[in-house]
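Worksheet: the structure to be examined is printed underneath.
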Amino acid sequence: MTGLGAVFRPQLPPERLRAVAELADDSGLEELWLWEDCFREGGISTAAAALAWTERLKVGVGLLPVPLRNVAVTAMETAALHRMFPGRPIVAVGHGVQDWMGQVGARAESPVTLLREHLLALRALLRGERLTTAGRYVRLDDVALDWPPATPAPVLAGATGPRSLRLAGEAADGTVLTASTNADGIRAARRLVDEGRESAGRTAEPHEIVVYLLTATGPDAASRLRAELTAEGLESVPDLGVAGDADTVAKAVRRLAEAGADRVILQPTGDEPDPEGFVRFAAQEVAPLVR
């Protein structure tokens with residue numbers, strides 16, 4: 001069975017989130033994902049609100065840019081979400097968009113080194129460990145959480161390049177792939193992630209692959225999808241994104257699942273005219289076709 005979710009894109013104002021989250025919960029959607037895109041909306045604040053407004057919905061943050069965050073703060077906030085809403089938060093961390101990191105004076109000389117140090121420290125703190133470490137970027141002196149999660153709190157990593165994908169397999173509990181990843185890209189990513197898992201002796205541990213699927217539906221679906229792919233410089237990538245009815249979208253989801261994705265998150269176009277309708281479409285029309 002393929003997990004299915006949808007994205008609340010930060011092009012929408014934060015005050016729209018409650019209606020979308022409540023509709024997702026009521027309609028039976030499995031997961032609603034949020035983005036911490038500069039300079040739009042904070043990932044933890046919006047996730048906490050969405051979790052508080054809902055009863056069963058899982059809420060993903062994909063992703064928190066590690067250059068912006070001290071790992072102790074990431075651990076405290078992640079742990080608090082898991083204590084308050086057990087089993088429902090999904091937190092991913094990653095490099096962030098390097099131009100944005102440069103705008104705020106947080107760009108790292110070695111993003112891969114920073115992400116490795118952040119992942120290792122974050123997962124240790126969330127396991128309840130007391131940590132002293134002096135890395136290139138992450139420095140902690142006798143730090144432990146007073147309130148670590150009561151149950152395991154997996155940490156996912158957003159990754160694109162080969163080094164980052166191997167690192168995700170080595171040091172994270174799952175990997176998030178962007179909507180620029182087609183089925184062949186998922187297969188390649190899975191191989192690199194597995195190389196990282198093998199190098200770290202983690203092949204016996206589960207490691208989920210989550211991928212966004214750029215999705216448009218409705219009478220102008222094809223033109224909106226084409227416009228977004230063109231704006232992102234992705235129009236030449238084959239089999240990227242999907243436009244059409246529920247059956248068409250479900251076939252695209254199954255194609256990504258067959259390539260190795262465990263969960264597919266439908267990402268509306270930035271100009272989606274009906275975010276609530278998109279969530280309803282995902283939950284009530286597409287999900288039954290992929291279960």
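Please treat every number below as a calculation from the coordinates, not as lab data. For clarity, every value in this text was computed on a predicted model and none was experimentally measured. A quick note on method: Cβ atoms are made from the backbone with ideal geometry, for glycine too, and the neighbour counts reach across all protein chains shown.
Rank-order 16-23, 76-83 by packing density, defined as the average count of other C-beta atoms within 10 Å over each peptide's residues, highest first.
Numbers: 16-23: 17.9, 76-83: 20.2.
Going from most to least packed, we get 76-83, 16-23.
Out of residues 5 or more away from Ile265 or on other chains, whose amide H comes under 5 Å of its own, with H placed 1.01 Å from N in the peptide plane?
Placed amide hydrogens put Gly5, Val211, Tyr212, Leu213 under 5 Å from Ile265.
Can you tell me the length gained on complete extension of the stretch Glu109 to Arg254, counting 0.36 nm per residue apart and subtracting the Cα distance? Please report the intermediate quantities before stating the final value.
Values: separation 145, 0.36 × 145 = 52.20 nm, distance 3.89 nm.
Length gained between Glu109 and Arg254: 48.3 nm.
Considering only the other residues whose Cβ falls under 13 Å of the Cβ of Ile90, what net charge follows from Lys and Arg at +1 and Asp and Glu at -1? Could you put the intermediate results ahead of the total?
Details: positive: Lys58, Arg88, Arg263; negative: Glu30, Glu31, Asp173, Glu208, Asp262.
Once positives and negatives cancel, what remains is -2.
May I ask you to evaluate 6.51 cos²θ - 1.76 cosθ + 1.60, the Karplus curve with θ = phi - 60°, for each residue of the stretch 207-216 and list the ³J(HN,Hα) values in order in whole Hz, giving x for glycine and proline?
With the stated coefficients, the stretch 207-216 comes to 8, 7, 9, 10, 9, 7, 10, 5, 9, 9 Hz.
Could you give each residue of the stretch 113-121 its phi-based ³J(HN,Hα) in whole Hz, using Karplus coefficients 6.51, -1.76, 1.60 with θ = phi - 60°, and x for Gly or Pro?
Karplus-based 3J(HN,Hα) across the stretch 113-121 equals 4, 4, 5, 4, 4, 5, 4, 4, 5 Hz.
Give me the number: length gained by fully extending Asp99 to Asp245, i.e. 0.36 nm times residue separation minus the C-alpha to C-alpha distance, one decimal in nm.
Contour length minus Cα-Cα distance gives 48.9 nm.
Over the stretch 143-192, with a single point scatterer placed on each C-alpha, what log10 of the ratio I(q)/I(0) does the Debye formula yield at q = 0.25, 0.32 1/Å?
Once normalised to I(0) and log-transformed, intensities are -0.89, -1.24.
Taking the DSSP beta bridges in the chain as the whole, what percent of them are antiparallel, to the nearest 5?
In the chain, DSSP labels about 10 percent of beta bridges as antiparallel.
Using modelled backbone amide H atoms (1.01 Å from N, in-plane), which distant-in-sequence or interchain residues come within less than 5 Å of Gly241's amide H?
When sequence neighbours closer than 5 places are left aside, the close amide H contacts are Leu214.
Just one of (1) 0.95; (2) 1.20; (3) 1.05 is Rg/Rh (Cα atoms, Kirkwood Rh) as worked out from the coordinates here. Which one is it?
Recomputing Rg/Rh (Cα atoms, Kirkwood Rh) here picks out (1).
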